[in-house]
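Student: I'd like to ask some things about the structure below.
The values are calculated or read from the model by the stated rules, or taken from the named source; none is laboratory data. Just so it is clear, the structure is predicted and the values come from calculations on it, not from any experiment. Please note that ligands, DNA and RNA were not included when accessible areas were found on the heavy atoms of the full protein model with its side chains. Shrake-Rupley method; radii C 1.70, N 1.55, O 1.52, S 1.80 Å.
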Amino acid sequence: MPSMTRLLAEHTELAPHQVEHLKRLVREWHLVADLAFSDLVLWVPDEDPNIMWAVAQIRPTTGATAVLDDVVGESITYEPEELVVQAFLSGETVATSDNQLSTGIPVDIHARPVILDGQVIAVLEQHTNRIAVRALGAM
């Protein structure tokens with residue numbers, strides 16, 4: 001799996017302080033993944049504004065994964081219906097819970113912009129296992 005540092009250097013025009021901000025974000029994000037029962041993927045814009053790259057990914061240890069494949073190093077191209085693209089362009093959180101199934105589990109997906117100094121520099125995509133969340137609520 002390619003490293004976050006290499007992917008950022010090869011594919012983005014992010015400034016050093018923006019890169020450092022993203023590294024700080026993923027340094028402790030395992031806590032967020034575990035508490036939210038969510039797989040997290042960090043997407044950054046390419047030098048070509050029509051492409052975004054997955055530069056980091058984490059799975060929760062508290063429940064089943066919702067993203068089976070390792071996506072780090074993969075890219076997506078501009079598609080208006082793509083949540084990551086919508087969040088990046090709008091600067092707003094975008095969500096869907098259309099009863100999507102991932103590995104046979106219902107999953108809610110949120111795309112949250114990462115904003116630094118008033119500029120969207122990345123998108124944090126969150127895939128939440130709804131069964132694990134419901135089980136927690138039943139306790």
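Student: Take the alpha carbon atoms of the stretch 51-93, find their radius of gyration, then divide it by 2.2 N^0.38 Å using N residues; give the quotient.
Tutor: My calculation over the Cα atoms of the stretch 51-93 gives 1.34.
Student: Further, regarding this structure: Going by accessible area, probe 1.4 Å, with all protein chains left in place, what is the ranking of 127, 30, 110, largest first?
Tutor: In descending accessible area the options line up as 30, 110, 127.
Student: Can you give me the % of accessible surface on the chain that is carbon or sulfur? Probe 1.4 Å, all protein chains present, nothing else counted.
Tutor: 55
Student: Right, here's the next one. Quick one: Debye curve from the alpha-carbon atoms of the chain only, equal weights, vacuum; give me log10 I(q)/I(0) at q = 0.09, 0.15, 0.19 Å⁻¹ to two decimals.
Tutor: -0.26, -0.71, -1.12
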